[in-house]
Amino acid sequence: MRSLYISMVSEFYKSRKTLAFWAAILLPAIICSLIAFGFYHDAEKILKLNYPPMALWGRYSGNALGVMGMLILPFYVIFMAFSINNIEHKNDTWKTLFAQPLNRFSIYAAKYLYAVLTIFICLFLFAALTVAFGHLLEFLIPRYHFSAYNPVPILCKYYAKIFLSSLGILSLQFVFSLLWSDFLKPMGIGFVGVIMGIITANVGWKYAYFIPYSHPTLALRITSTAKKAGNPLDFPVFTSEIISSLIYATLLFIIGYIIVSKKSIK
Amino acid sequence: MSSYAIETVDLNFKFGNQVVVKDLSLQVPKGSIYGFLGPNGAGKTTTIKILLNLLKSPTDSVFVFGKEINHNRIAILKKVGALVEQPAIYGHLTGKENLINRCILLGISKTKANEMLQLVDLTAAANKKTKEYSLGMKQRLGIALALISDPELLLLDEPTNGLDPNGIIEIRNLMVELATKYQKTILVSSHLLAEIERVATHVGIINKGSLLFQGTISALQQLNKPILEIVVNDGPGAAAFLRGNGFEVLANDESVVSVPFTSPGDSGKINTILIQQGFIVTALYQQKKDLEDLFLEITKNN
C-alpha cells in the first residue's frame, strides 16, 4: 500500500507541470465560464423564453454536458492515457522507475489511478463549476431563478455516469500507450475510435455498447431520453454501456499489468 | 555470508537467438571498485540491466549481497543505486525536482536533494529545466540520482560519458572517496581501460558476452610481460645472431630487436655478446605495453 501511495504522490509531482494535468482544471474552467458568459450576454433572449427553474438548469447545464460527454471527454481521456505513459517513454525513464525498490504493480496501478483520479477531478470540476456559475449568474442577473431548483443530485448522477462510461476507453488507450511509445498509433486509433463510437451510438446500432468509444455518447443519449420520460432523476446509472465499460476497464487493467510485469528494458 | 557484493554463476542471456551474455561468472568483492571493461556491444549494459532485474535472468544465477535477484528484487534494489546508459531524467522538471521526485519514490527526506546537488556541483543549475542541461550536467545529475539513496552498491554504466576532463577527474575522485571513506562497492563500466585503471581495484574484461579476464589490477599487470628492446646498427644481423645463440627474438626491424625481458643480468649478457660480435648497441631498454594495449590484445584474441 505504501508503495502504491508513494508512486501516486510521485505521479502527481512529476505530472503537475504537464498539459494533461492542467487540462483537467482548465477545461472545466474555460468551458463553464464561456457558457456562463453566453447566458450573461444573451440573458434577455433566454429570459424571454420563461424557462421554469428546472428547465433553465437543464438548458444551462446541458451545454457543458453535451460538449463534454460527446467530444471533449473521450479525446481528453485518450490524451491523458497517452500523456501518463509518454512521460516515461519520452524521457526513457521506465528503466529508472523499474530499478526502484517498488513493486511493478504499484508503479502501474499508481499511473492508472492517477489517470482515473484526474478524469474524476475534471468531471467534478465541471459539475461544481456548472452549479457555481449558475448561482453567479443569478447574482449578476437576479431574474435568473437558478436558486429555485437544486440541480446537484441530477448533475452528480449525470457526471457519475459519464465518468463510469469513460473508464473503458481509458483502460484501452492506457494499454495502447504502454505498448507504443509514439504519438501517432495510440492517438490515431483513439481518434478513429471516438468518431466510430459517436456514429455507431447515434445511428442506434444495437451492439454499439460493445465499442468502448461509444460509451460516453450512449450514456448521454439514453439518459436524455429518460429525462424526457418524467422525473429527470429517474434514470438508471448501470445501463448496458456502463456495465460494458466497467468490464472493459477491469479486463484491460489486468492485461495492462501483465504487459508491465513482462516488460523488459532493452 | 558471501564476501561478494555481486556474484553471477554461469549467467547466460539471449535476445531472441542472439547470445548477449555467455557463461558469465562475475565476482565483485565488497568494498571494491570493479572496472567492468569491454568494447561497445560487449554485453556490459545488458549485464548491468540483469543486475537491476530490468532484464530477467533466465535462471537463478545472479546474486547481489548473497541474495538471488529474481526472488529478492525489492530487498536488493533498496541497496543499489544505478546509472544505466544515458541518464534517465524528466526533461520538463528542474534538476532539483528530479531529485525530489526520487526522494518521494524512495521515501527519504527531500533535504537530500540539496546535498546531492552540492555534491555534483549543480547547485547553480538546480532550478533550471533539465532539458536545457548539457550532456555533462545530465550525467552529473544521473550520478546524483544514483547516490541519493546512499546505496551500498553503485552500478555506473559509462559514467564519464560527455564529461570534460575536470568532470572526469571529479567523478574518479568521487568513486575513490565513496569506496574508501564510505566502504561502498562500485561497479563501473567503460570501454576505455585508461579511464578505469587509475581507480579500479578489480577488473573484469568482457567481449562478445564472455568474461576474458577477472582479477585485481595487479594481476592484470602481471599478464603484461615486459620486453627488452635493443637498438643496434644492424637489426636483422643482430636478430639472427641472437637466435643462433639460443635467445628468443620476438620481432626486429632494421635497427631494433625485441626479445623477452627476463632479468637485468640477462640483458647485460645480451649487450656484451652483441658488442663482442661487433654490433654497435646504441640503446637497450625494458619496454612494457601499457594496459590499454593489453586490453586490446585480450579483446582482439576473443
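The values are calculated or read from the model by the stated rules, or taken from the named source; none is laboratory data. Remember, predicted model here, so these are calculated numbers, not experimental data. In this analysis, Cβ positions are derived from the backbone assuming ideal geometry, glycine residues included, and neighbour counts consider all displayed protein chains. The area values use the complete protein model at the heavy-atom level, side chains included, leaving out ligands, DNA and RNA. Shrake-Rupley method; radii C 1.70, N 1.55, O 1.52, S 1.80 Å.
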Item to check | Whole-Å semi-axes of the ellipsoid equivalent to the stretch A:147-266 (Cα gyration tensor, √5λ, descending) | outcome: 32, 16, 12
Checklist outcome for this item: On the formula 1/(1 + (r/R0)^6), with r taken between the Cβ atoms of B:Leu119 and B:Asp164 and R0 of 25 Å, the FRET efficiency rounded to 0.05 is 0.90
Item to check | Largest-first ordering by accessible area, 1.4 Å probe, given options B:Ile89, A:Ile199 | outcome: A:Ile199, B:Ile89
Checklist entry - Expressed as an acute angle from 0 to 90° and rounded to the nearest 10, what is the orientation of the C-alpha long axis of helix A:53-67 relative to the principal long axis of chain A? => result 30
Item to check | chain B shape via C-alpha gyration tensor axes, a/c threshold 1.5 | outcome: prolate
Checklist outcome for this item: For the stretch A:87-219 the mean separation of alpha carbon contacts under 8 Å (6+ apart) over residue count, i.e. relative contact order in percent, is 19
Checklist entry - Taking the Cα centre of chain B as origin and charging only Cβ (+1 Lys, Arg; -1 Asp, Glu), how large is the dipole, in debye to the nearest 20? => result 1300
Item to check | FRET E, pair B:Val9, A:Ile121, Förster distance 51 Å, beta-carbon r, rounded to 0.05 | outcome: 0.50
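Take each of the peptides A:201-208, B:206-213, B:45-52, average the number of other beta-carbon atoms within 10 Å over its residues, and list them starting from the highest.
B:45-52, B:206-213, A:201-208
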Checklist entry - Based on DSSP H runs of at least 4 residues, each adding -39500 (n - 2.57), what is the mean residue ellipticity at 222 nm of chain B after dividing by all its residues, to the nearest 500 deg cm²/dmol? => result -10500 deg cm²/dmol
Item to check | Three semi-axes of the equivalent ellipsoid, the protein assembly as shown, Cα gyration tensor, whole Å, largest first | outcome: 71, 23, 20
Item to check | Residue (of B:Ala124, B:Gly38, B:Thr180) at the positive-pole extreme of chain B, dipole from beta-carbon charges | outcome: B:Ala124
Next on the checklist: Semi-axes of the equivalent ellipsoid for the stretch B:224-300, please: Cα gyration tensor eigenvalues, times 5, square-rooted, ordered largest first, whole Å.
Outcome noted: 24, 13, 11
Checklist entry - Roughly what angle does helix A:184-202 make with the longest principal axis of chain A, taking Cα atoms, 0 to 90 degrees, to the nearest 10? => result 40
Item to check | Selection from A:Leu97, A:Leu65, A:His145, by position along the positive dipole direction of the stretch A:2-262 (Cβ) | outcome: A:Leu97
Next on the checklist: Expected output is a single nm value to one decimal: the length gained when fully extending between B:Ile273 and B:Glu248, i.e. 0.36 nm times separation in residues minus the C-alpha distance. What is it?
Outcome noted: 7.5 nm
Item to check | Rg(Cα)/(2.2 N^0.38 Å) for the stretch B:157-212, N = residue count | outcome: 1.17
Checklist outcome for this item: Computed over the stretch B:1-135, the convex hull of the Cα set has an average projected area, in nm², of 10.0
Item to check | Förster-model FRET efficiency, 30 Å R0, B:Lys110 and A:His135, C-beta, rounded to 0.05 | outcome: 0.15
Checklist entry - Which of the lysines could a cross-linker span from B:Lys22 if the Cα-Cα distance has to be under 19 Å and same-chain partners fewer than 8 positions apart are dropped? => result A:Lys266, B:Lys14, B:Lys44, B:Lys49, B:Lys56, B:Lys208, B:Lys300
Checklist outcome for this item: For the pair A:Glu44 and B:Thr262, the simple spin-label estimate (label points 7 Å beyond Cα toward Cβ) gives in nm 11.8
Next on the checklist: Please give the charge dipole size of the stretch B:224-300, origin at the Cα centre, charges +1 on K and R Cβ atoms and -1 on D and E Cβ atoms. Round to the nearest 20 debye.
Outcome noted: 240
Next on the checklist: As a test of reading the structure, rank B:Lys225, B:Lys184, B:Lys78 by solvent-accessible area (1.4 Å probe, protein chains only), most first.
Outcome noted: B:Lys225, B:Lys78, B:Lys184
Next on the checklist: Can you give the local net charge around B:Val257? Use residues other than it whose beta-carbon is closer than 12 angstrom to its beta-carbon, Lys and Arg +1, Asp and Glu -1.
Outcome noted: -4
Item to check | Dipole of the stretch B:224-300, positive end: most advanced residue of B:Gly235, B:Asn224, B:Gly246 [Cβ charges, Cα centre] | outcome: B:Gly246
Checklist entry - Treating the beta-carbon of each Lys and Arg as +1 and of each Asp and Glu as -1, no other charges, what is the dipole magnitude of chain A about its Cα centre, to the nearest 20 debye? => result 420
Item to check | Cα long-axis angle, helix A:19-41 against chain A (0 to 90 degrees, to the nearest 10) | outcome: 10
Checklist entry - Can you pull the Rg over Rh of chain A, Cα-only, Kirkwood? => result 1.02
Next on the checklist: How big is the stretch A:72-125 along each principal axis, measuring the range of its Cα positions in Å and listing the largest first?
Outcome noted: 36, 20, 13
Next on the checklist: If I stretch the segment between A:Leu71 and A:His89 completely, what's the gain in nm (0.36 nm per residue apart, minus their alpha carbon distance), one decimal?
Outcome noted: 3.8 nm
Checklist outcome for this item: Shielding of B:72-80 by other chains, given as the mean Cβ count within 10 Å, works out to 3
Checklist entry - Under a plain spin-label model, where a point goes 7 Å from the Cα along Cα-to-Cβ, how far apart in nm are B:Ser255 and A:Ser147? => result 10.8
Item to check | Residue-wise HN-Hα coupling along the stretch A:81-89, computed from phi with Karplus coefficients 6.51, -1.76, 1.60 (Hz; x: Gly, Pro) | outcome: 4, 5, 4, 5, 8, 5, 4, 7, 4
Checklist entry - Could you give the longest part of chain B that holds none of the GluC sites (Glu not before Pro) found in DSSP loops with at most 12 neighbouring Cβ atoms within 10 Å? => result B:1-247
